[in-house]
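Below: one structure, written as C-alpha cells.
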Amino acid sequence: MIKFIVLENIRLLDYLSFILQDKKMRYCFYILRKKLDKINRQYQGLVPNDRSPSKANDFRTGFTLVEITLVVGLIALLAAIAIPNLLRSKLLANDAMAKSTLRAIASSLETYVSREQVYPAIFADLTSATPAYLTINYVALSPYRGYNYACGTLSVLGYSCTATPEVCSQTGTKIFTITTGGGLTEAECS
C-alpha cells in the first residue's frame, strides 16, 4: 500500500513539474521527486539504512518523520488545489438545476393553459390534476437542492416564478425568474 502511494506521488510530482513554469517551484518538485525515489528504493530494499548497525544486509524498514511529513504536506497541497474547484462545481450544478426546474415549471404552466384556457389559480393545481402537469411541487418542497422556489404572481393572465438561493454564494450564485411565455432572467444575489 505504501509503495503504491509513493509511486502515485512520484507520478503526480512529474506531472506538476511538467505543467509549472516557475523555476523555483519546478526545483522544489524535483527535490521532492528525488526524496520520494529514495523512499521507494528504501522500501524495496535497494538502499541500505545509513543509521543501521554495521551489518551489511540490514535495511531500514520504517519511514522517518520528515518523510511522512513530506507526503502529508504534498497531499494537503493537492487538497488545497482541488477542494475549491469541487465547491465551485457544486454551485454551478445548483444554478443549472434551478434553471432547469424553472423551465419545467414554465412548461407545465403553459401546458395547463393550453388545455384549460387559463393559468392555475394556485400552484398545487399543477400537481393535483389527473394526469399531473408537474410531478413535484417545488414551491411546497422549498428549499429544493439549494434553492427556494416561489410563484409570486400566479393569475389567470400569467405567472412569475423565482428561484432564490437558500444561502447566497454557498448554495447558489444567482436569482432566476421566469415569466409568462418562458422568459428566463437572472440577477446576482447579494
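The values are calculated or read from the model by the stated rules, or taken from the named source; none is laboratory data. Just so it is clear, the model here is predicted, and its values are computed rather than measured. Note: ideal-geometry Cβ built from the backbone for every residue, glycine included; neighbour counts use all protein chains shown.
The set of residues in region 138-152 that are free of Cβ contacts under 8 Å to residues at least 24 places away in the same chain and either surrounded by 12 or more Cβ atoms within 10 Å (Cβ to Cβ) or in a strand (DSSP E or B) (or both) comprises Val139, Ser142, Asn148, Ala150, Gly152. Looking across region 159-175, the residues that are closer than 23 Å to Ala124 by Cα and touching a Cys at 6+ places or on another chain (Cβ under 9 Å) come down to Tyr159, Ser160, Cys161, Thr162, Thr164, Pro165, Ile175. For Thr173, indicate whether it is of a type outside the set (Phe, Trp, Tyr), free of Cβ contacts under 8 Å to residues at least 24 places away in the same chain and not assigned by TED's automatic domain parsing to the domain that holds Leu32. So Thr173 does not fit the description; no. Any residue at all in region 91-111 that's loosely packed, with under 11 Cβ neighbours inside 10 Å, of a type in the set (Lys, Arg) and farther than 17 Å from Thr171 by Cα? The answer is no; no qualifying residue exists.
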